[in-house]
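To start, the structure under review is shown below, and the notes come after it.
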Amino acid sequence: MLSGLRTRRNSPDRTRVRLASRRHRVDNPGARGEGEQAVVQSGEARMVVANRPEELERAALWAADFATGAGVPAEIVSRLQVVLDEAVGNVLAHALADAAPGSREISLRLCREAGGIALEIIDDGAPFDAAAAPVPDVARRVAARRPGGAGLLFLHALADEMRAFREEGRNRLVLVLRVPPAG
Amino acid sequence: MRDDQARSVEGGRMEIMEVAGHAPVVLHVSGRVNGANAAELGSRLGALVESGRVAIVLDFSHLAHMTSAGFRSLLHVDRQASEVGGTLVLCGLQGLTRELFEIGGFLDMFTIAATREEAIRRATL
């Protein structure tokens, strides 16, 4: 788990994304030549989106800007964008399914640390535990030619960690994608 | 435009470009297909089917990724085309796009060709 994910006293399993703003120097002499170092930019970024599908593009651009600037390789940035789209899509489709489009806010936070990048999503909708939602059986989906549940399959496959919490009437989902050291 | 002039915009906004000169409609879909633009992709393809152009090839060789919203739209169009005797053939699956097809079991839900030439042949049959 990322060192930036720390305990919150009032959360069920005592985890939260710790604020971080510093630079890590990662020694990687084997890959970069003696004495050279890769710099990993740590930090965090926040964004609030409305509960509208159109906001997913803005969120994707925001995530790519932050992650790229924080030294996350393009391949993992693309994975992060998929994870973000699926996770916020779940909020729109489940937790905020009954809310009028544009009437509610979803808070996003990205936290970059040396080991990876964490995405936190908070909404004030109906309880929805994406981490505990049953993952569909792929073979059964194929046989029925039904795409339902693909988002959950993608989340479980692409995120290295996924934890969901219900706190003070809000859903909080934390997803972590590991980022290998540059080299 | 010629096929080899298709511009790569991997990682950028979704672009849909028609390649002229083929009997089946050949479309390059590049960039990202996500929850924000999946409906647009679905309506563009749906309009083709409704206008009678039911042999469609989608070339994903410059697609960065497609999220589940895009797969839903695509499957809907695939059904629409099948219902009127048409064919939707996909090609150019690579990288994360291919991985997502595998994870979601979508390789078995669509007609997928290894090359664009094969896709055009299969869409024409």
Regarding region A:36-44, can at least one residue be identified that is out of contact with any Asp or Glu (no Cβ under 8 Å at 6 or more places or on another chain), at pLDDT below 95 and open to solvent by 70 Å² or more (accessible area, probe 1.4 Å)?
yes
Any residue that is outside any helix (DSSP H, G or I), within 17 Å of the chain's Cα centre (by Cα), among the β-branched types (V, I, T) and surrounded by fewer than 17 Cβ atoms within 10 Å (Cβ to Cβ) - is there at least one of those in region A:110-121?
no
Taking A:R178, is it exposed (fewer than 15 other Cβ atoms within 10 Å of the Cβ) and in contact with a Gly (Cβ under 8 Å, 6 or more places away or on another chain)?
yes
List pairs: first residue in region A:50-76 and farther than 17 Å from A:P181 by Cβ, second residue loosely packed, with under 14 Cβ neighbours inside 10 Å anywhere in the structure, Cβ distance under 6 angstrom, at least six positions apart or on different chains.
A:A50/A:G102; A:R52/A:P101; A:R52/A:G102
Based on what the data block shows, is A:V142 surrounded by fewer than 20 Cβ atoms within 10 Å (Cβ to Cβ) and at the interface with chain B (Cβ under 9 Å from one of its Cβ atoms)?
yes
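Residues checked against (1) at pLDDT 95 or above; (2) buried (at least 17 other Cβ atoms within 10 Å of the Cβ); (3) within 13 Å of chain A (Cβ to nearest Cβ); (4) closer than 16 Å to B:P24 by Cα:
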{"position": "B:V77", "(1), (2), (3), (4)": "yes, yes, yes, yes"}
{"position": "B:C91", "(1), (2), (3), (4)": "yes, yes, no, yes"}
{"position": "B:E102", "(1), (2), (3), (4)": "yes, no, yes, no"}
{"position": "B:T111", "(1), (2), (3), (4)": "yes, no, yes, yes"}
{"position": "B:E118", "(1), (2), (3), (4)": "yes, no, no, yes"}
{"position": "B:T124", "(1), (2), (3), (4)": "no, no, no, yes"}
Look through region B:32-68, keep the residues that are of a type in the set (S, T, Y) and touching a residue at least 24 places away in the same chain (Cβ under 8 Å), and return whichever of them is most open to solvent (accessible area, probe 1.4 Å).
B:S61
So which residues in region A:48-92 are small (G, A, S), surrounded by fewer than 18 Cβ atoms within 10 Å (Cβ to Cβ) and more than 9 Å from every other protein chain (Cβ to nearest Cβ)?
A:A50, A:G69
Among residues belonging to region A:156-168 that are open to solvent by 40 Å² or more (accessible area, probe 1.4 Å) and not in a strand (DSSP E or B), point out the one that is farthest from A:I117 (Cα to Cα).
A:E168
Of all residues in region A:93-107, how many are in contact (Cβ under 8 Å) with a residue 60 or more places away in the chain and open to solvent by less than 20 Å² (accessible area, probe 1.4 Å)?
1
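The values are calculated or read from the model by the stated rules, or taken from the named source; none is laboratory data. This one's a predicted model, so the numbers in the text were calculated from it and none came from an experiment. Positions of Cβ are generated from backbone atoms using ideal geometry, with glycine treated the same way; all protein chains shown enter the neighbour counts. When the accessible area is computed, the model is the full protein with side chains, heavy atoms only, and any ligands, DNA or RNA have been set aside. Shrake-Rupley method; radii C 1.70, N 1.55, O 1.52, S 1.80 Å.
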